[in-house]
Amino acid sequence: KRARALEMKVIAYDPYVSSDEAQRRGVQVASFEEVIKGADFLTIHLPLTQETQGLIGTQVLAQMKPGVRIINAARGGIIDEEALAAALQSGQVAGAALDVLCQEPCTASPLLGMDNVIITPHLGASTCEAQIHVAVQVAEQVVLALAGRRPRHALNWEAVLRYRTPRAI
């Protein structure tokens, strides 16, 4: 919503979200390569898995538009920090905003001290109030899912329904 309010065209790669669901949200589904090559701002919203570890590395960074800006508030380790530092130094990447790093707390990343990098502490849910809020939200989402209703933040609900077993949900 915020990107579209700034008149940005929003493209996304997600193998689990249907193009109909994305379209309802004003997002155009594209391949991973199309997103990487077409983004002016790349925001990362992935879990850290064997497949996503180091996903944004030297080769992927080289395919991006010169001057791209990268935001990662998902998980450290998805971006190869050495490769990102080199891309930032060369100008391939104009800037990065990171809430997560490979090692937390971070004391030795090549990204520390770079003028074109903003690093914030990974503290999003560290207050008592935030923990309570998250717990209540999780409980509400579980109740909806168990009732067979779409959880509010489940963008991949159609995929969940396709792959569920008779005992699940």
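Across segment 116-127, the qualifying residues are those that are among the β-branched types (Val, Ile, Thr) and assigned to a loop (DSSP other than H, G, I, E, B), and the one among them that is modelled with the lowest pLDDT is 127.
For segment 78-109, residues that are over 15 Å from residue 42 (Cβ atoms) and open to solvent by less than 10 Å² (accessible area, probe 1.4 Å) total 1.
Only one entry in 135, 130, 62, 94 is assigned to a helix (DSSP H, G or I), more than 17 Å from the chain's Cα centre (by Cα) and touching a residue at least 12 places away in the same chain (Cβ under 8 Å), namely 62. Residue count for segment 1-29 under the criterion of being under 19 Å from residue 59 (Cα atoms) and out of contact with any Ser or Thr (no Cβ under 8 Å at 6 or more places or on another chain): the result is 0. Scanning segment 6-27 for residues that are under 25 Å from residue 93 (Cβ atoms) and over 16 Å from the mean Cα position of the chain (by Cα), we see that the one that is least open to solvent (accessible area, probe 1.4 Å) is 8. Number of residues in segment 134-169 that are farther than 21 Å from residue 25 by Cα, open to solvent by 60 Å² or more (accessible area, probe 1.4 Å) and either modelled with pLDDT under 85 or of a type in the set (Val, Ile, Thr) (or both): the value is 11. Here residue 54 meets the list (1) assigned to a helix (DSSP H, G or I); (2) open to solvent by less than 80 Å² (accessible area, probe 1.4 Å) almost entirely, failing just condition (1). For the criterion of being more than 24 Å from residue 121 (Cβ to Cβ), assigned to a loop (DSSP other than H, G, I, E, B) and open to solvent by 80 Å² or more (accessible area, probe 1.4 Å), residue 33 fails. Would you confirm whether or not segment 69-83 contains a residue that is free of Cβ contacts under 8 Å to residues at least 60 places away in the same chain, assigned to a loop (DSSP other than H, G, I, E, B) and farther than 27 Å from residue 121 by Cβ? So far as segment 69-83 goes, no, none of its residues is free of Cβ contacts under 8 Å to residues at least 60 places away in the same chain, assigned to a loop (DSSP other than H, G, I, E, B) and farther than 27 Å from residue 121 by Cβ. The condition (being open to solvent by 30 Å² or more (accessible area, probe 1.4 Å) and touching a strand residue (DSSP E or B) at 6+ places or on another chain (Cβ under 8 Å)) is satisfied by just one residue among 62, 73: 73.
The values are calculated or read from the model by the stated rules, or taken from the named source; none is laboratory data. Keep in mind it's a predicted model, so treat the numbers as computed, not measured. FYI the Cβ positions are ideal-geometry reconstructions off the backbone, even for glycines, and counts take in every protein chain you see. With ligands, DNA and RNA removed, areas are computed over all heavy atoms of the protein, side chains included. Shrake-Rupley method; radii C 1.70, N 1.55, O 1.52, S 1.80 Å.
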